[in-house]
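**Q** Starting off with a structure, shown below.
The values are calculated or read from the model by the stated rules, or taken from the named source; none is laboratory data. Predicted, not measured: the structure shown is a model, and the values here were computed from it. Heads up, the Cβs are rebuilt from the backbone with ideal geometry, glycines too, and the neighbour counts pull from every protein chain shown. Quick note on the areas: whole protein, heavy atoms, side chains included, nothing else; ligands and nucleic acids left out. Shrake-Rupley method; radii C 1.70, N 1.55, O 1.52, S 1.80 Å.
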Amino acid sequence: MQIHIWSDIRCPFCYIGKRNFTAALDKFPHKDKITVEWKSFELDPNLKTQTDINAIDHFMQSKGVDEVNAKGMFNRVTEMASGVGLNFKIEDIVTANSLNAHRLLQYAKTVGFADSTKEALLKAHLEDGKNIDDIAFLVNTAISVGMDKAAVEEIYKTDAFTYDVRQDEMEAKNLGISGVPFFVLNNKYGVSGAQPVEAFTEALEQAWEKHQKEQLTVLPTTGGESCDVNGNCC
């Protein structure tokens, strides 16, 4: 069964949702038959990277929220993160466009490092105060999870994997996804937001049960010639 997850590296709820979803999946008895694919989604594709403005100041400026309310909102998110073992440092978050980070994630999907890359990028942005739009940082992150340095450096000499990011975002638009995280199970069942572990567990169980019922059942018959995909007929 396939699960597609749309999320943005800049989204704190995406990290919380990832942590809870992973906890549910780790306990799921059929997890070895589940394929997870991370999909790109930019909350603000037009965001300009500004390393001298932290997340709170940017939020206040862009949303017109005063400091008291802004800090109150971020404190609530930080408490939620703490509850799942994450240590958000909101005041250290760098205001950065996430396209280049998503491009790295798209490449990581092709070489088997998608989940570790996603985790590293979320941690870097939300806990470590790193600039996720900095190419040198992205290359070092790729190396740290096991990717080839030269191959990653080559990505940023062109617009490689930008198209893949845009395709994910178009798919999200076609599905009516306007917020993240958003989880699509078995291409049919959607789960929105950073749900608790119990909610993800229930969703996995329900989707799996329906997935099993949809599987083709081959009736016990005898005889009947056929050909296989290798051209062998008997």
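**Q** Quick one: count up the residues across the range 179-223 that are polar (S, T, N, Q) and at pLDDT 90 or above.
**A** Filtering the range 179-223 down to residues polar (S, T, N, Q) leaves 186-187, 192, 195, 201, 206, 212, 215, 217, 221-222.
Filter again for at pLDDT 90 or above, leaving 186-187, 192, 195, 201, 206.
The total comes to 6.
**Q** With the condition kept exactly as written, say whether any residue in the range 1-22 is modelled with pLDDT of 95 or more, over 22 Å from Ala124 (Cβ atoms), part of a helix (DSSP H, G or I) and among the small types (Gly, Ala, Ser).
**A** No, the range 1-22 contains no residue that is modelled with pLDDT of 95 or more, over 22 Å from Ala124 (Cβ atoms), part of a helix (DSSP H, G or I) and among the small types (Gly, Ala, Ser).
**Q** Something else: Mind counting the residues in the range 1-33 that are without any contact (Cβ under 8 Å) to a residue 40 or more places away in the chain and not acidic (Asp, Glu)? Lay out the reasoning, then the answer.
**A** Start the filter on the range 1-33 by keeping residues that are without any contact (Cβ under 8 Å) to a residue 40 or more places away in the chain, which leaves 22, 26, 29, 31-33.
In the following step, the residues that additionally are not acidic (Asp, Glu) were identified as 22, 29, 31, 33.
Of the residues in that region, 4 qualify.
**Q** Considering only residues that are open to solvent by less than 40 Å² (accessible area, probe 1.4 Å) and under 18 Å from the mean Cα position of the chain (by Cα), which ones fall in the range 119-129? Talk me through it step by step, then tell me what you get.
**A** Taking the range 119-129 as the starting set, the residues that turn out to be open to solvent by less than 40 Å² (accessible area, probe 1.4 Å) are 120-122, 124-127, 129.
Across the range 119-129, the qualifying residues are Ala120, Leu121, Leu122, Ala124, His125, Leu126, Glu127.
**Q** Within the range 25-56, take every residue that is open to solvent by 20 Å² or more (accessible area, probe 1.4 Å), among the hydroxyl-bearing types (Ser, Thr, Tyr) and not in a loop (DSSP other than H, G, I, E, B) and give me the one that is modelled with the lowest pLDDT.
**A** Going through the qualifying residues, I end up with Thr51.
**Q** Could you list, in sequence order, the residues of the range 79-99 that are in contact (Cβ under 8 Å) with a residue 40 or more places away in the chain, open to solvent by 30 Å² or more (accessible area, probe 1.4 Å) and out of contact with any Lys or Arg (no Cβ under 6 Å at 6 or more places or on another chain)?
**A** Met80, Gly85, Asn87, Lys89, Leu99
**Q** Sticking with this one: Exactly one condition in (1) under 18 Å from the mean Cα position of the chain (by Cα); (2) open to solvent by less than 60 Å² (accessible area, probe 1.4 Å) is false for Val65; which is it?
**A** Val65 satisfies all of (1) under 18 Å from the mean Cα position of the chain (by Cα); (2) open to solvent by less than 60 Å² (accessible area, probe 1.4 Å) except (1).
**Q** I would also like to ask the following. Sort through Ile132, Ile143, Ile177 and tell me the only one that's in contact with a Leu (Cβ under 9 Å, 6 or more places away or on another chain) and under 30 Å from Asn54 (Cβ atoms).
**A** On the way: Ile143 fails: in contact with a Leu (Cβ under 9 Å, 6 or more places away or on another chain); Ile177 fails: in contact with a Leu (Cβ under 9 Å, 6 or more places away or on another chain).
Result: Ile132 is the single residue among Ile132, Ile143, Ile177 that is in contact with a Leu (Cβ under 9 Å, 6 or more places away or on another chain) and under 30 Å from Asn54 (Cβ atoms).
**Q** Checking Ser226 against (1) closer than 20 Å to Thr35 by Cα; (2) modelled with pLDDT under 95; (3) in contact with a strand residue (DSSP E or B) (Cβ under 8 Å, 6 or more places away or on another chain), which single condition isn't satisfied?
**A** Here Ser226 clears every test but (1).
**Q** Residue under question is Phe74, and the condition is that it be open to solvent by less than 40 Å² (accessible area, probe 1.4 Å) and in a loop (DSSP other than H, G, I, E, B); does it hold? Don't jump to the end; show me each part of the working.
**A** Working: open to solvent by less than 40 Å² (accessible area, probe 1.4 Å): yes; in a loop (DSSP other than H, G, I, E, B): no.
Judged against the criteria, Phe74 is not a match.
**Q** Among all residue pairs at least 6 apart or on different chains, which show Cβ distances below 9 Å where the first residue, located in the range 186-202, is without any contact (Cβ under 8 Å) to a residue 40 or more places away in the chain and closer than 18 Å to Val77 by Cβ and the second is of a type in the set (Phe, Trp, Tyr) and surrounded by 14 or more Cβ atoms within 10 Å (Cβ to Cβ)?
**A** Pairs that qualify, where the first residue is without any contact (Cβ under 8 Å) to a residue 40 or more places away in the chain and closer than 18 Å to Val77 by Cβ and the partner is of a type in the set (Phe, Trp, Tyr) and surrounded by 14 or more Cβ atoms within 10 Å (Cβ to Cβ), are Ser192/Phe182; Ser192/Phe183.
**Q** Determine whether Gly64 is over 22 Å from Ile5 (Cα atoms) and of a type in the set (Gly, Ala, Ser).
**A** On the way: over 22 Å from Ile5 (Cα atoms): yes; of a type in the set (Gly, Ala, Ser): yes.
Considered against the rule, which asks whether it is over 22 Å from Ile5 (Cα atoms) and of a type in the set (Gly, Ala, Ser), Gly64 comes out as yes.
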